[in-house]
Amino acid sequence: MFRLAWVVLKRLKGWFSFYVLGVCFILLSVGLGSMYVSEDKYEDMYRVTKGYQVIIGARGSKNDLVLTQVFLNGVYDKTIPYSLYEKVKETYKNTEFIPLAIADSYQGSLIVGTDVGYLKNIKVKHGVLFKKSNEVVVGYDIAVKNKLQVGDKIVSSHGVGEDDHHDKELKIVGVLEKTENKLIDNYLFTDIKTIWETHSHEDVEHVEGEEHVEHTEGDLTSILVKTSSMKELNLILSDFKQDDKYMAVSTVDVVRGFYNILEDTSKALVVLMGIILFVSVLYVGSVSLFLASKLKEVYRYISVLGYSLKERILFTVYVISIVNVVVGLVSFIGVKNGSMFIVDVLEKYGIMVSNSFDIVMFFIIWGISYVLSAILWVIYALRCK
Amino acid sequence: MIEVKQLQVVFKNKSIRYHDMVFEHGKSYFIYGDSGGGKSTLVKHLSLLENSDAISYNGVDFTKFKKEKEKFKRKNIGIYLSEKMLVDDLTVSDHLSLVGKVDYEKLKNYGLLPLINTKVKHLSSGEKQRLGVLIALMKDGCYKFFDEPTSHVNKSLSDMIINGILDNHNKNKGITVVVSHDLSYKHLFDVVINISDVCDVVEEVV
């Protein structure tokens, strides 16, 4: 019977391929459905923004400023003078300002030039925080990944590309405790002057194509603002509203904007899944009807030859099993890579989604689809005259 | 010996009641008659394709022994119903391999050797018919039933098919039943039956 099943599959491979494709699409749509836009990541975002209600930077894209300076994702290619930092500090007495200069990297991870205020709520696991230029503290994950210890010397890359293009030797003076914030765990932190010194060399060559921010001594990429005074917060926002060169952006507003995209994305994913599921079910149904008529011919022939009902069922089970093994393999590869592809594409556009592809869940769904299809086909085999 | 006792088949718009009859070992039967007269229905019942306690083989009513019936059918009965019993998407070779070892000499005689790897859907009606008859003849056993085995072939191929069936019958000395409209062959058979003589068809008003 297995031989007959194999022969029938071989002769009807075109139709069975259509069937496999249809079932794979059903599994893909279920897989897509299990991929939800991650609220966790956005909660992380809120946690980060809670600390800094406002960010001041050169006028440009608000989203870019928040993404690059608050969430340390990518590069903001505009700078502001250090004098602006001194000015706001002087003007708004009840507010804390943290300067940021992000322009260098180590092994692809950003080196954040700032002051120790940025790390004040973070515990140091080994060593101390940086006190002067050329000293650096490293996040927990990056220290583990690169086996970095206090006293080690690392060479930073000028720019934020992944190519090593050695510029400045920095000494590790501290390794931070692991935090709940992946941004902190994966970056390096140094004094702002370290960044300025690196960028003060005129003869530095840049790797072609590498994103790079030109700095003169005294440049910052942004200023983070933290205050308990709502009055001053509103004052800062309104003062910068009219400014042509600089802007003050409410981080909460920007994250709320991301949330709206998140909701739209969720809805779009559900609709997309529904459409794929509906079309796939119709498609599988039509192909199944055709295959049913083909199997009916086989049943009739083997019945004329005197094959028993048991053998007919065995033949059906073999056919469905072979088909489902192929369905399992194809949809496993499709769902796994497809969902990764979708996650990559969405994240490229700043939409954070969680790929909840779970191998156990996949095999449960596949197993259910296998058993269901086997039951339906066996019932058909039993009822077929 | 196949015995038919009180066989009655009910359709939507008619019922057919067969007279009691006996098909004896060593004899070949030729059944002819009008279309819709009950020839094919009788063959389906005789060949155990339909379940009925009105048919018994050597005194055994197989409706009470389903497992045994399957085994018996598989081992002893060869059937040609029509070319529709074949599977369009399987090849000639696929069909034959399900029956047993392929007899290339017979395949050649039936003009099917060059078509061995051809799917049935690409065969002509005559080729399908020859394949169907060959399948029934290839089966072991001494009970053979052929429903219109020569309807789509020319005279020489018809002769070859009928001779093949009778040769096979002479070898196995079983029971061979051929249903045909072509009366030119009836003299070759031991028993000739006009279907209208052995059954009553009652048309029912729906």
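The values are calculated or read from the model by the stated rules, or taken from the named source; none is laboratory data. What you see is a predicted model, and the numbers here were worked out from it, not measured in a lab. Cβ coordinates were reconstructed from backbone atoms using ideal geometry, including for glycine residues, and neighbour counts include every protein chain displayed. Accessible surface is based on the protein model in full, side chains and every heavy atom, while ligands, DNA and RNA are left aside. Shrake-Rupley method; radii C 1.70, N 1.55, O 1.52, S 1.80 Å.
What to note about this one:
- Among the residues here, B:Lys144 does not qualify as within 10 Å of chain A (Cβ to nearest Cβ) and within 17 Å of B:Leu48 (Cβ to Cβ).
- Annotation: of all residues in region A:244-297 being closer than 20 Å to A:Leu9 by Cβ and of a type in the set (Lys, Arg), the one that is most open to solvent (accessible area, probe 1.4 Å) is A:Lys296.
- Applying the condition of being over 20 Å from B:Pro149 (Cβ atoms) and in contact (Cβ under 8 Å) with a residue 40 or more places away in the chain to region B:59-106 and asking which residue is nearest to the other protein chains (Cβ to nearest Cβ) yields B:Lys75.
- Residue selected from region A:128-147 under the condition in a loop (DSSP other than H, G, I, E, B) and within 26 Å of the chain's Cα centre (by Cα), by the criterion nearest to A:Asp104 (Cα to Cα): A:Gly139
- Residue under evaluation A:Arg312, criteria (1) surrounded by fewer than 19 Cβ atoms within 10 Å (Cβ to Cβ); (2) closer than 19 Å to B:Lys73 by Cα, criterion not met: (1)
- Residues located in region A:86-96, provided they are open to solvent by 10 Å² or more (accessible area, probe 1.4 Å) and either β-branched (Val, Ile, Thr) or within 15 Å of A:Ala248 (Cβ to Cβ) (or both): A:Lys87, A:Lys89, A:Thr91, A:Tyr92, A:Thr95, A:Glu96
- B:Leu112 meets all of the listed conditions (1) open to solvent by less than 10 Å² (accessible area, probe 1.4 Å); (2) within 14 Å of chain A (Cβ to nearest Cβ); (3) over 17 Å from the mean Cα position of the chain (by Cα); (4) not acidic (Asp, Glu) but one, namely (2).
Matching residues to (1) under 16 Å from the mean Cα position of the chain (by Cα); (2) at pLDDT 90 or above:
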residue: B:Leu7; (1), (2): no, no
residue: B:Lys14; (1), (2): no, no
residue: B:Lys27; (1), (2): yes, yes
residue: B:Gly37; (1), (2): no, no
residue: B:Leu42; (1), (2): yes, yes
residue: B:Leu48; (1), (2): yes, no
residue: B:Asp53; (1), (2): no, no
residue: B:Ser56; (1), (2): no, no
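- Test: residue in region A:224-242 that is in contact with a helix residue (DSSP H, G or I) (Cβ under 9 Å, 6 or more places away or on another chain) and at pLDDT below 80: no
- Single condition A:Val66 does not satisfy, out of (1) buried (at least 19 other Cβ atoms within 10 Å of the Cβ); (2) closer than 28 Å to A:Val252 by Cβ; (3) more than 25 Å from the chain's Cα centre (by Cα): (3)
- If you go through region A:283-309 and pick out every residue that is touching a strand residue (DSSP E or B) at 6+ places or on another chain (Cβ under 6 Å) and either more than 7 Å from every other protein chain (Cβ to nearest Cβ) or at pLDDT 85 or above (or both), you end up with 0.
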